[in-house]
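Novice: Following this message is one structure expressed as structure tokens.
Each reported figure results from applying straightforward, stated rules to the coordinates on display, with no laboratory input. Note that the structure is a prediction, hence the values are computed from the model and not measured. Don't worry about glycine lacking a Cβ; one is built from the backbone with ideal geometry, like all the others, and counts go over all protein chains shown.
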Amino acid sequence: MSYGPDTADIFRRSSSYVDRILKGEPAGNLPVQSPEKFELVVNLKAAKALGLSVRESFLLLADVVINRVGQCPLLAQSGHSRDANVRFWG
């Protein structure tokens, strides 16, 4: 399991810094930014190998679920509205 900043969002937001620097603004004048978007990744394959079980309610909160077969059967059965936002990696 991993919970941390979404790196794609960080790179996307950094483009505004590059734009301001290319327009001549000194880098020292740019404010420091904190991550705004975070991502929860759950690896069911590793959890199963360790003999751990993960609750369905927790899986529904995850942005990414890594599963051996490429999809999470718990989420597929639930019909939860977040299913469309979850990316499955095999």
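Novice: What full-extension length gain, to one decimal in nm, is calculated for Thr7 and Leu61 as 0.36 nm per residue of separation minus the Cα-Cα distance? Mind dumping the intermediate values first?
Specialist: Numbers: separation 54, 0.36 × 54 = 19.44 nm, distance 1.87 nm.
Gain on extension, Thr7 to Leu61, equals 17.6 nm.
Novice: For the modelled label position 7 Å from the Cα of Leu50 along Cα-to-Cβ, which residues of segment 1-33 have backbone nitrogen atoms closer than 13 Å?
Specialist: 1-3
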